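Bear in mind that the values in this text are calculations on the coordinates, not laboratory data. From a predicted model like this one, the values you see are computed outputs, not experimental measurements. For neighbour counting, all protein chains shown are included, and Cβ atoms are generated from backbone atoms with ideal geometry for every residue, glycine included.
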Amino acid sequence: MLDLPRFVEVVEVGPRDGLQNEAHPVPTAVKVELIDRLSAAGLPNVEAAAFVSPKWVPQMAGSSEVMAGIRRHPGTLYSALVPNRKGMEAALAAGVDEVVVFSAASEAFAQKNINCSIAESIERFRPVAAAAKAAGVKLRGSISVALGCPYQGDVPPSAVVDVVRRMADLGCDSIDIADTIGVGTPRAVQAVFAATSQVFPMARQAGHFHDTYGQALANVYAALQLGVASFHSSVAGLGGCPYAKGATGNVATEDVLYLLHGLGIDTGVNLRAVVETGDFITRAIGRPNNSRAGRALLAKWAAAQGEPACAS
Ligand code: HMG
Ligand code: MG
């Protein structure tokens, strides 16, 4: 077991993973304010958009307008999902700093989510990767269902390692190990990272945990123990995946920050500003606030001001 990292990068995926599943359109102005609040809070990477087919994910249709509307914060990278060459053209035109190509550790999920096999997805990503290198933007790879698949069931670490190798070969600067449906438990998370770190540096991998079974914070801690120092989270725990029915949102950013700061780990992020952002977005879209730390802090601050605590 290693010492815990002193600094952890928190990648905020709320504006993309969090909002992609909303049934009603979220106005561009709300998305823009959400992203601007998150960058102002000090988040070093905000996944702001997805240049995917609007027929597949209607909520991400206005991604170019969102990118055009945000105030660029100097310390923040703005990342976006890109499934193919067409998405890459739009992403570059919108000025993204990091493109995220995404595949899966199970063939069944790749077919449902991106309508092709894992091998075909890698071929589609080749021109995206080449364009990213030519344009000098960062390239990140994301591997869904790395801890279990809603269609296939169990996913062996060897299947994740296989996709990590292919993404490394594409030239990905970093790779996300994603528990899309939140079924992973700490030992399973450690087994996957122990395997993937044999073929790709741990320092360039991230944990992307959904909290469906309430395991996400424990999984963050388990991954920290192996030296993983980048985690994805979603403000107020928003989200779900349209192609993984029943999966809930990502682990809440507020809860991850509360854990990390409590462990003495620096993130450079202002927890209070993120909690206030969670309150803003849940009120704006009429959703419950799924961050335990966020709700507790809002109640505490309201009580300190003599206001009745409200649990939205
Ligand atoms: P397809 O239907 O096989 O693609 O979809 P196609 O090439 O046959 O094109 C069909 C139509 O889509 C055409 O339009 C294309 O122009 C258009 P038409 O001629 O019918 O009018 N099209 C596009 N439009 C805009 N932008 C594009 C684009 N590409 C094609 N980039 C495709 C294949 C990959 C495009 C589709 O399956 C897709 O967009 N899938 C995205 C699904 C998605 O975004 N899922 C959620 C994100 S992944 C996730 O949440 C997991 C993650 O959080 C990690 C985790 O937790 O696991 C990252
Ligand atoms: Mg996700």
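Does any residue in the range 239-253 that is within 13 Å of Ile281 (Cβ to Cβ) and more than 7 Å from ligand 1 (Cβ to nearest atom) come within less than 7 Å, Cβ to Cβ, of a residue that is among the acidic types (Asp, Glu) and in a loop (DSSP other than H, G, I, E, B) six or more places away or on a different chain, and which pairs are these?
Every condition considered, the pairs that remain are Gly249/Asp211.
Restrict the check to the range 79-88 and report whether at least one residue is under 30 Å from Ala68 (Cβ atoms), more than 9 Å from ligand 1 (Cβ to nearest atom), touching a residue at least 24 places away in the same chain (Cβ under 8 Å) and crowded, with 17+ Cβ neighbours inside 10 Å.
From the range 79-88, those under 30 Å from Ala68 (Cβ atoms) are 79-88; that's our starting set.
From the residues that got through so far, the ones that are more than 9 Å from ligand 1 (Cβ to nearest atom) too are 79-80.
Add one more test, that the residue is touching a residue at least 24 places away in the same chain (Cβ under 8 Å), and what stays is 79-80.
From what's left, crowded, with 17+ Cβ neighbours inside 10 Å: 79-80.
Looking through the range 79-88, at least one residue is under 30 Å from Ala68 (Cβ atoms), more than 9 Å from ligand 1 (Cβ to nearest atom), touching a residue at least 24 places away in the same chain (Cβ under 8 Å) and crowded, with 17+ Cβ neighbours inside 10 Å.
Every residue, every condition in (1) out of contact with any His (no Cβ under 6 Å at 6 or more places or on another chain); (2) not in a helix (DSSP H, G or I), yes or no:
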residue: Leu217; (1), (2): yes, no
residue: Phe231; (1), (2): yes, yes
residue: Ala247; (1), (2): no, yes
residue: Val274; (1), (2): yes, no
residue: Ala299; (1), (2): yes, no
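Filter the range 206-222 down to the residues that are surrounded by fewer than 19 Cβ atoms within 10 Å (Cβ to Cβ) and within 15 Å of ligand 2 (Cβ to nearest atom) and list them by number.
If the condition is that a residue be surrounded by fewer than 19 Cβ atoms within 10 Å (Cβ to Cβ) and within 15 Å of ligand 2 (Cβ to nearest atom), then Tyr213 is the only one that fits.
Select from the range 1-38 the residues that are in contact with a His (Cβ under 9 Å, 6 or more places away or on another chain) and over 24 Å from Thr248 (Cα atoms) and list them in ascending order.
Across the range 1-38, the qualifying residue is only Asp36.
Which one is farthest from the chain's Cα centre (by Cα), of the residues in the range 152-178 that are farther than 13 Å from Phe200 by Cβ and in a strand (DSSP E or B)?
Gly153
Which of the strands (runs of 3 or more DSSP E) contained wholly in the range 41-151 include at least 2 residues that are farther than 28 Å from Pro25 by Cβ? It would help to see each step written out before you state the result.
Numbers: elements: 45-50, 77-81, 98-104, 138-144.
The strands (runs of 3 or more DSSP E) meeting that bar are 138-144.
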